[in-house]
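Before any comments, here is the structure.
The values are calculated or read from the model by the stated rules, or taken from the named source; none is laboratory data. This structure is a prediction, so every number in the text was calculated from the model and none was measured. Cβ atoms come from the backbone with ideal geometry, glycine included; neighbour counts cover every protein chain shown. Heads up: the accessible areas ignore ligands, DNA and RNA and are worked out on the full protein's heavy atoms, side chains in. Shrake-Rupley method; radii C 1.70, N 1.55, O 1.52, S 1.80 Å.
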Protein chains: 2
Amino acid sequence: MERLSQAKMFGGFVETYKHRSKATGTDMTLGLYLPPAASTGQRVPILWWLSGLACTEQNFLTKAGAQRFAAERGIALVVPDTSPRGLDLPGEHDSYDFGSGAGFYIDAMKKPWSEHYRMATYVSEELPSLLRSTKLPLDTRRMSLSGHSMGGHGALVLGLRNPTQYRSISAFAPICHPMETPWGQKAFTGYLGEDRECWSQYDACELMRSREVKTPLLVDQGSADEFLPTQLRPEHLEEAAQDSGTPLTLRYQEGYDHSYYFIATFIGDHFAFHSEHLLS
Amino acid sequence: MERLSQAKMFGGFVETYKHRSKATGTDMTLGLYLPPAASTGQRVPILWWLSGLACTEQNFLTKAGAQRFAAERGIALVVPDTSPRGLDLPGEHDSYDFGSGAGFYIDAMKKPWSEHYRMATYVSEELPSLLRSTKLPLDTRRMSLSGHSMGGHGALVLGLRNPTQYRSISAFAPICHPMETPWGQKAFTGYLGEDRECWSQYDACELMRSREVKTPLLVDQGSADEFLPTQLRPEHLEEAAQDSGTPLTLRYQEGYDHSYYFIATFIGDHFAFHSEHLLS
């Protein structure tokens, strides 16, 4: 891992790294925040953040105000990019909701995507292993997961698929039922093909119904979110959680939209939630 | 004033406006944060934020994390753009440190800039008057001023030039002595011409030495700021404050750079400082 940048913030450090990924076959960038506690020699737990459509690792680090809480609580932030970069696959850069910036945290099955768009493996297997192999003072036995929109979907899906790896899961305005909504259908068709059984392995509602997961989940959803009527379906997630006995807290936040202003407002609550599980 | 956008944040609202400016002869955009207290019918005091080179009103609103403190303390944020826009004067868009995005909060004297680049009048006269004429619940009798880099220079200069208008002044990594440093010399030559007497009317060190101002000032400067060795000269400001008896607190922050990560770390301190003067 090659460090590209470092800036002091709240007594810790915001850093970006470049590394070669086996999963994607490309160079990948990675954002990191190390809290002041990481400078004392102890290994700190990790909150992973998965970003939404068109984001890089930069959006969350610059806009969410999360470092204040990460510093206070002694939790590191790890922020992957949202897709492989530097490729030029046919149509890869044509739309904001498919291809570059829109990896959807799944392992593609369909060519030409299947060679590189393997973000599920990248985020939940390769990166934890890579972080363990570095000298960074991170405790990969204590990890939780959060994200926004497409990244909220990613947090739910990777958390539900790897229930022993993450202690708690949260999401802001996640795509809860991608099989039934346009962004998800476009991505699943493009990356996975037509097999809906295969789709269901990356759909939070379907995963919740198919396996018993006791990881605590917190979801915040703004009531004025412009994508709520068409893309997100939190009510389906709530039903699936009730039917399956999954411990989900779903909160509707009156008047909030889909932006980082919404995330910044409630990110402190998510730190409080994850801290219960990461710091115990 | 036409509202272009509104998003809920920390119980209040981040808004942007467009309006016609007499001072600049152009349309101007303006950022605003109204804290929850503004919804209760009371008029809230204002912290003005003046941004640095190449910024618009968006940078501070998205990156600094200031709204959390503005909400807690019941203070509005008003964030002007950094120059007129939509013109196409010769050379206006050629460099990041002159012309568009680089108005330097001065009233230009030299053609063709003097017709439009009148940011001192715009910020310290036209905008307060415009805000008074709206129905926005703002108390323009209680105003303080802060800013970053070029905007830190703007805060110091406009605060020192209008000592009865602002109750307190703060700055992050301001250009303290622009007459003696490259960014300032380029801007002053371009906007004002060769008359150094005219320059001194927009130089914080010179203003401090030439008039007795008792407005309290707080300046934070990162020790790892990449522009500290060449552009900023906080030590000259400290000397001028000592010689003139101006109440300046200058703090060097070990290891911090020139970025919004630095601002976000200490913006809470600046709210504590301004609150003493705005809320009493």
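The number of residues in segment B:6-18 that are under 22 Å from the mean Cα position of the chain (by Cα), open to solvent by 10 Å² or more (accessible area, probe 1.4 Å) and either at pLDDT below 95 or within 13 Å of chain A (Cβ to nearest Cβ) (or both) comes to 2. Number of residues in segment A:33-50 that are within 16 Å of A:Arg73 (Cβ to Cβ), open to solvent by less than 10 Å² (accessible area, probe 1.4 Å) and assigned to a strand (DSSP E or B): the value is 7. The numbered conditions (1) more than 13 Å from chain B (Cβ to nearest Cβ); (2) over 16 Å from the mean Cα position of the chain (by Cα); (3) closer than 30 Å to A:Pro112 by Cβ are all true for A:Val44 except (3). Restricted to segment B:125-151, and to residues that are open to solvent by 10 Å² or more (accessible area, probe 1.4 Å), assigned to a helix (DSSP H, G or I) and not basic (Lys, Arg), which residue is nearest to B:Ser168 (Cα to Cα)? Residue satisfying both the conditions and the ranking: B:Glu125.
Can you say whether A:Gly65 is farther than 20 Å from A:Phe266 by Cα and either open to solvent by 10 Å² or more (accessible area, probe 1.4 Å) or modelled with pLDDT under 95 (or both), as far as the supplied structure shows? Spelling it out, it is not the case that A:Gly65 is farther than 20 Å from A:Phe266 by Cα and either open to solvent by 10 Å² or more (accessible area, probe 1.4 Å) or modelled with pLDDT under 95 (or both). Taken together, the residues in segment A:114-124 that are surrounded by 15 or more Cβ atoms within 10 Å (Cβ to Cβ) and either of a type in the set (D, E, K, R) or assigned to a loop (DSSP other than H, G, I, E, B) (or both) amount to 3.
Need the failing condition index for A:Lys135 against (1) touching a residue at least 12 places away in the same chain (Cβ under 8 Å); (2) closer than 26 Å to A:Ala38 by Cα, just the number. In the conditions (1) touching a residue at least 12 places away in the same chain (Cβ under 8 Å); (2) closer than 26 Å to A:Ala38 by Cα, A:Lys135 misses (1) alone. Name every residue in segment A:1-32 that is over 25 Å from A:Glu115 (Cβ atoms), touching a residue at least 60 places away in the same chain (Cβ under 8 Å) and part of a strand (DSSP E or B), in order of residue number. Result: A:Met9, A:Leu32.
Test B:Thr56 against the criterion of being under 13 Å from the mean Cα position of the chain (by Cα), of a type in the set (Ser, Thr, Tyr), surrounded by fewer than 21 Cβ atoms within 10 Å (Cβ to Cβ) and not in a helix (DSSP H, G or I), and give yes or no. Judged against the criteria, B:Thr56 is a match. Close contacts from segment A:71-92, counting a first residue that is free of Cβ contacts under 8 Å to residues at least 12 places away in the same chain and on the phi < 0 side of the Ramachandran plot and a second that is open to solvent by 10 Å² or more (accessible area, probe 1.4 Å) and in a loop (DSSP other than H, G, I, E, B), with Cβ to Cβ under 7 Å and a gap of 6+ residues or different chains, come to A:Glu92/A:Ser100. Can you confirm whether A:Asp269 is closer than 30 Å to A:Thr62 by Cβ and surrounded by fewer than 16 Cβ atoms within 10 Å (Cβ to Cβ)? Criteria met by A:Asp269. For segment B:161-178, the set of residues classified as buried (at least 24 other Cβ atoms within 10 Å of the Cβ) and not in a strand (DSSP E or B) consists of B:Tyr166, B:Ala173, B:Pro174, B:Ile175, B:Cys176, B:Pro178, listed by residue number.
Quick grid of which residues meet (1) over 16 Å from A:Ala264 (Cα atoms); (2) within 13 Å of the chain's Cα centre (by Cα):
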{"site": "A:Trp49", "(1), (2)": "no, yes"}
{"site": "A:Ala70", "(1), (2)": "no, no"}
{"site": "A:Gly74", "(1), (2)": "yes, no"}
{"site": "A:Leu89", "(1), (2)": "yes, no"}
{"site": "A:Lys111", "(1), (2)": "yes, no"}
{"site": "A:Glu115", "(1), (2)": "yes, no"}
{"site": "A:Glu125", "(1), (2)": "yes, no"}
{"site": "A:Pro137", "(1), (2)": "yes, no"}
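With respect to B:Trp199, is the statement that it is farther than 21 Å from B:Asn59 by Cα and assigned to a helix (DSSP H, G or I) true? So B:Trp199 fits the description; yes.
Residue count for segment A:216-266 satisfying the condition of being more than 10 Å from chain B (Cβ to nearest Cβ), open to solvent by less than 10 Å² (accessible area, probe 1.4 Å), touching a strand residue (DSSP E or B) at 6+ places or on another chain (Cβ under 6 Å) and not aliphatic (A, V, I, L, M): 3.
Among the criteria (1) out of contact with any strand residue (DSSP E or B) (no Cβ under 6 Å at 6 or more places or on another chain); (2) away from chain B (no Cβ under 14 Å); (3) of a type in the set (S, T, N, Q), the one A:Ser39 does not fulfil is (2).
The single condition among (1) within 14 Å of another protein chain (Cβ to nearest Cβ); (2) open to solvent by 50 Å² or more (accessible area, probe 1.4 Å); (3) in contact with a helix residue (DSSP H, G or I) (Cβ under 8 Å, 6 or more places away or on another chain) that B:Arg73 does not satisfy is (1). Answer yes or no as to whether B:Ser21 is open to solvent by 30 Å² or more (accessible area, probe 1.4 Å) and hydroxyl-bearing (Ser, Thr, Tyr). For B:Ser21, the condition - open to solvent by 30 Å² or more (accessible area, probe 1.4 Å) and hydroxyl-bearing (Ser, Thr, Tyr) - is not met.
Looking across segment B:84-101, the residues that are surrounded by 19 or more Cβ atoms within 10 Å (Cβ to Cβ) and either touching a strand residue (DSSP E or B) at 6+ places or on another chain (Cβ under 8 Å) or in a loop (DSSP other than H, G, I, E, B) (or both) come down to B:Pro84, B:Glu92, B:Ser100, B:Gly101. Can you find a residue that is within 18 Å of B:Met9 (Cα to Cα) and of a type outside the set (Val, Ile, Thr) anywhere in segment B:93-111? The answer is no; no qualifying residue exists.
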